[in-house]
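Inspection log for the structure reproduced underneath, given as structure tokens.
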Amino acid sequence: MTTRRITQLIRATAVSEGAGVTVHRTIGTPARRNLDPFLMLDHFSSDDPNDYIAGFPDHPHRGFITVTYMLDGHMLHQDSMGNRGDLRAGGVQWMKAASGVIHSEMPQQSEGLMHGFQLWVNLPADDKMSDPNYQEFSPESIPVIDTGDARVHLISGEFGGQRGPVRDPRTDVQYLHVVLQPRARFTHALPGGFAAFVYLFEGSGVITGDDLEPHSLAVLGSGDDAQLHAGDGGAEFILVAGRPIGEPIVQYGPFVMNTRDEIEQAMADYRDNRLVRKKAAMTGR
Ligand code: FE
């Protein structure tokens, strides 16, 4: 067995998004434009309402999937498919924007902690213009596996004989939120060809001899498993992996396509009110 080593360490960059929300971005910055199939990772964590109260008013997406995982706080999602979703601590929202969605994500609190992640997962060319789909998963539907050393919230993929509720057959995304005891070791087998990363947000950790600080993302190289040793204060992190798509990526803000022409088309469609082609029903729980 070979353990995956760190091939790149990315410190989060503070970015202002939406109407003025501060997010900590790692994937999707000049340091790392993408990690096929992942296009962006934003971590939002603040107890200062000025950092989040403006929210994300109506904005478009085309060509990929957004996965939002809330750890603290309360957001309301409304979209052009007619979905209205309450995103609460421990819940997950999976939105396949595909051919086009316009949505808003607005905080439902004026004080307290707002904490979570948004991950963008690319779609292959033959799926980019398919119908959008929206799924919401309540906190109760996310399995929590306690190994003694670690508590694992399983958003997608398999761990400890259980399976997370989010399914993405194209990239087989595995998404684990791990709370690791002080000085404990966490090991998770991953398919060899999958891209993988660890984002640490509490405590400290070591991956194959390299230290990992909070708010940094470790891109993992090839190998059979991912392994992390927690420091004296324990470690809290997400471990995410997925099958690369291997196609050209052309991105312009919220549109991610394969060619420049398709981006121009997306911009023209948005301008002419043709971005949203399909409505879809809410499924999942
Ligand atoms: Fe959005």
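With a 1.4 Å probe and every protein chain left in place, tell me how much accessible area residue 36 has, in Å² to the nearest 10.
Roll a 1.4 Å probe over it and residue 36 shows about 40 Å².
What list of ³J(HN,Hα) values in whole Hz, one per residue of the stretch 179-195 in order, does the Karplus curve 6.51 cos²θ - 1.76 cosθ + 1.60 (θ = phi - 60°) give from phi, with Gly and Pro shown as x?
10, 10, 5, x, 6, 7, 10, 10, 10, 9, 6, 9, x, x, x, 6, 6
On a 0 to 90° scale, report how tilted helix 260-271 is relative to the longest principal axis of the chain, with both axes built from alpha carbons and the result rounded to the nearest 10.
60
Cα centroid distance between the stretch 58-109 and the stretch 1-37, in Å?
Using only Cα atoms, the two centres lie 20 Å from each other.
For the chain, what is the relative contact order in percent, using Cα pairs closer than 8 Å and at least 6 residues apart in sequence?
For the chain, the relative contact order is 22 percent.
What is the percent carbon and sulfur in the accessible area of the chain, measuring with a 1.4 Å probe over the protein chains and ignoring ligands? Walk me through the numbers on the way to the answer.
Numbers: 5520 of 11980 Å².
Carbon and sulfur together cover 46 percent of it.
Can you give the accessible area per residue of the stretch 1-159, in Å², using a 1.4 Å probe?
Details: 5990 Å² over 159 residues.
About 38 Å² of surface per residue is accessible.
Tell me which residues come under 5 Å, amide H to amide H, from residue 98 once H is placed; ignore anything under 5 positions away on its chain.
Those qualifying (amide H under 5 Å, at least 5 residues apart or on another chain) are 63, 64.
Taking the solvent-accessible surface of protein heavy atoms with a 1.4 Å probe, what is the per residue accessible area of the stretch 198-269 in Å²?
On the way: 2790 Å² over 72 residues.
Here the residues of the stretch 198-269 average 39 Å² of exposed surface.
How large is ³J(HN,Hα), in whole Hz, for each residue of the stretch 134-149 in order, when computed from phi with the Karplus curve 6.51 cos²θ - 1.76 cosθ + 1.60 and θ = phi - 60°, using x for Gly and Pro?
Along the stretch 134-149, the couplings run 9, 9, 10, 10, 6, x, 5, 8, 9, x, 10, 10, 9, 9, x, 7 Hz.
Using θ = phi - 60° and the Karplus relation 6.51 cos²θ - 1.76 cosθ + 1.60, list the HN-Hα couplings for the stretch 115-126 in order, rounded to whole Hz, with x at every Gly or Pro.
For the stretch 115-126, the Karplus curve yields 8, x, 9, 10, 10, 9, 10, 6, 10, x, 3, 6 Hz.
The values are calculated or read from the model by the stated rules, or taken from the named source; none is laboratory data. The structure presented is a predicted model; accordingly, all values stated were derived computationally and were not measured. Ligands, DNA and RNA are stripped out before the accessible areas are found, and what is left, the full protein with its side chains, is counted by its heavy atoms. Shrake-Rupley method; radii C 1.70, N 1.55, O 1.52, S 1.80 Å.
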